[in-house]
Amino acid sequence: MDLKKYSAAFYTLGCKVNYAESSFVSKQFKQNGFIIKSFTESADVYVVNTCSVTQVAVKKSRYFIHKALQINPAALVVITGCLTETEKEEVKNFNERVLVVGANEKFNLIGAVQKRLSENSLMKEDNFRSENRFFSAFSSGDRTRSFIKIQDGCNYFCTYCVIPYARGRSRSDSIENILKNVNAAVNENVKEIILTGINIGDFRNDRGENLYALLCALEDVAGLQRVRLSSIEPDLLTNDMVKLVAASSRLMPHFHIPLQSGSDKVLKLMNRRYSTAFYRNKINEIKDLIPDACVATDIITGFPGETDDDFGQTHDFLNALPLSYFHVFTYSDRKQAQASRLVDKVPFQVKKNRTDSLLKLSDEKKINFYNSQKGKQHSVLFESDKKKGFIYGFTENYIRVKAPFNKDLVNNIATVELTVLEGDNVFFVAL
């Protein structure tokens, strides 16, 4: 079947796993003769890789589905991702130009699209399955870095979260296959890989492999210069992993460790698997071994039952910790999640005020962390984008840096001294 006359456009919402998967699927389309276009352009096929982790993500997913239907009224619009699992009845009610491909079937998405186009049929064909297999993926097309999916699904069932229902139980790739993907990325001149998954600390398989063993194996990959961990649960980040990062020039001193609440009462309601004391010790352990490490976290405000006192504990706990910044999420009910059935809902304005307060504290933390790095030398991996005459990049410990654009810096690592911190929280360096 000749599909060279067809074009496709992609829009991805949500996590880095979705991003890696979309990149992988887009590459399949290109290999099968599709012309890849921008999502804002007229295309024959639009693929919207959705997210449903929050109500805001659900609304955005709906928006871009409708946007695709509007851009080209004759196009085939494919919906995949977590929304297809958590909102099955809703996605089935879209019009005949929509093809629904379940989250676990997105890796055969090209086959479903080819079948629809070859038959020139408007018949809806919903592809839902409950398979719990692992599908490998890594992003490509960005020379600087690649997101390598090493794990999928989650067994934790935190009471606010729908991800286990959308992506299934935890399962992992093999180290052998991950190294194959890493080497493929290195061969494309990628300088940095980010290990990603839904719960990467739970990386383990029937071969007895775990995340620590994977990190050790990555130390021996020729040509690989940088490795970052994406978000990792505090109870799954082991002392051995922290020590390995401290001793390595390849594993970046950058950790994202979700907290969600600084109140032990709320943590228990959330079904989190640690206490504030455990979390504090973990952060202090990292900073003791790697003083310049960037350590970020996630926080949810307004969880059902969170009182003013609970929030005050969270604010004070965060203020006392040597964190670099945090992402703050305002709680919203998700109908599959257990927390949606809890009483004592927090009023919207109270949730908003708490979110604003923590965002302000995060900004202060970030400025303090950046200022603590003034006068120090760091290596910066510069990216390819040119913005208003500048090129940007990140240090090992995830500090943003800009320099006058020089094409020789693109996708290269340079040692710089951080001296001039500008108002937008970017260090200017003259090279």
Exercise for the section: Among the residues of segment 189-217, write down those that are closer than 17 Å to ARG145 by Cα, polar (S, T, N, Q) and modelled with pLDDT of 95 or more. Expected result: THR196
Problem - Residue in segment 391-431 that is modelled with the highest pLDDT, counting only those that are of a type in the set (Asp, Glu) and over 21 Å from ASN189 (Cα atoms) - result: GLU417
Exercise for the section: Please tell me if THR415 is among the β-branched types (Val, Ile, Thr) and surrounded by fewer than 19 Cβ atoms within 10 Å (Cβ to Cβ). Expected result: yes
Exercise for the section: Would you be able to say whether some residue in segment 13-24 is in a helix (DSSP H, G or I), among the aromatic types (Phe, Trp, Tyr) and either surrounded by fewer than 16 Cβ atoms within 10 Å (Cβ to Cβ) or touching a residue at least 60 places away in the same chain (Cβ under 8 Å) (or both)? Expected result: yes
Practice task
Report whether or not ARG334 is among the basic types (Lys, Arg) and modelled with pLDDT of 95 or more.
Solution key: no
Fill in the blank from the handout: Among helices (runs of 4 or more DSSP H) completely within segment 80-150, the ones holding 1 or more residues that are of a type outside the set (Lys, Arg), touching a Lys or Arg at 6+ places or on another chain (Cβ under 9 Å) and at pLDDT 80 or above are 83-86, 88-91
Handout entry: Flag if ARG280 is over 30 Å from PHE427 (Cβ atoms) and either basic (Lys, Arg) or without any contact (Cβ under 8 Å) to a residue 24 or more places away in the chain (or both)
Key = no
Fill in the blank from the handout: Selection from segment 278-324 of residues small (Gly, Ala, Ser) and either closer than 22 Å to LYS351 by Cβ or surrounded by 13 or more Cβ atoms within 10 Å (Cβ to Cβ) (or both) yields ALA293, ALA296, GLY302, GLY305, GLY312, SER324
Handout entry: Yes/no for ASP220 being farther than 22 Å from CYS154 by Cβ and either at pLDDT below 95 or among the aromatic types (Phe, Trp, Tyr) (or both)
Key = yes
Practice task
Kindly indicate which of ILE178, ILE163 is surrounded by 15 or more Cβ atoms within 10 Å (Cβ to Cβ) and touching a helix residue (DSSP H, G or I) at 6+ places or on another chain (Cβ under 8 Å).
Solution key: ILE178
Fill in the blank from the handout: Of the residues in segment 27-39, those that are out of contact with any helix residue (DSSP H, G or I) (no Cβ under 7 Å at 6 or more places or on another chain) and either in contact (Cβ under 8 Å) with a residue 24 or more places away in the chain or among the charged types (D, E, K, R) (or both) come to LYS27, LYS30, GLY33, PHE34, ILE35, LYS37, SER38, PHE39
Problem - Test set (1) surrounded by fewer than 22 Cβ atoms within 10 Å (Cβ to Cβ); (2) within 22 Å of ASN353 (Cβ to Cβ); (3) in contact (Cβ under 8 Å) with a residue 60 or more places away in the chain - SER231 fails condition number - result: (2)
Exercise for the section: Would you check if there is a residue in segment 349-364 being assigned by TED's automatic domain parsing to the domain that holds ALA277, surrounded by 18 or more Cβ atoms within 10 Å (Cβ to Cβ), among the charged types (D, E, K, R) and touching a strand residue (DSSP E or B) at 6+ places or on another chain (Cβ under 6 Å)? Expected result: yes
Practice task
May I ask you to verify whether ASN183 is over 30 Å from GLY305 (Cα atoms), at pLDDT below 90, polar (S, T, N, Q) and surrounded by fewer than 17 Cβ atoms within 10 Å (Cβ to Cβ)?
Solution key: no
Problem - Residue list for segment 237-277, restricted to those being buried (at least 19 other Cβ atoms within 10 Å of the Cβ) and free of Cβ contacts under 8 Å to residues at least 40 places away in the same chain - result: MET241, LEU251, LEU267
Exercise for the section: Scan segment 404-413 and give yes if some residue there is out of contact with any Ser or Thr (no Cβ under 8 Å at 6 or more places or on another chain) and within 23 Å of ASP288 (Cβ to Cβ), otherwise no. Expected result: no
Practice task
Could you please give the count of residues in segment 190-216 that are part of a helix (DSSP H, G or I) and under 26 Å from GLY14 (Cα atoms)?
Solution key: 6
Exercise for the section: Answer yes or no as to whether LYS106 is within 27 Å of LYS335 (Cα to Cα) and surrounded by fewer than 16 Cβ atoms within 10 Å (Cβ to Cβ). Expected result: no
Exercise for the section: Could you tell me whether GLU85 is surrounded by fewer than 19 Cβ atoms within 10 Å (Cβ to Cβ) and closer than 19 Å to ARG334 by Cβ? Expected result: no
Fill in the blank from the handout: If we ask which residues in segment 356-375 are within 16 Å of CYS294 (Cβ to Cβ) and outside any helix (DSSP H, G or I), their number turns out to be 2
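The values are calculated or read from the model by the stated rules, or taken from the named source; none is laboratory data. Keep in mind the model is a prediction, meaning the values are calculated, not measured. All Cβ positions, glycine included, derive from the backbone under ideal geometry; neighbour counts span all protein chains shown.
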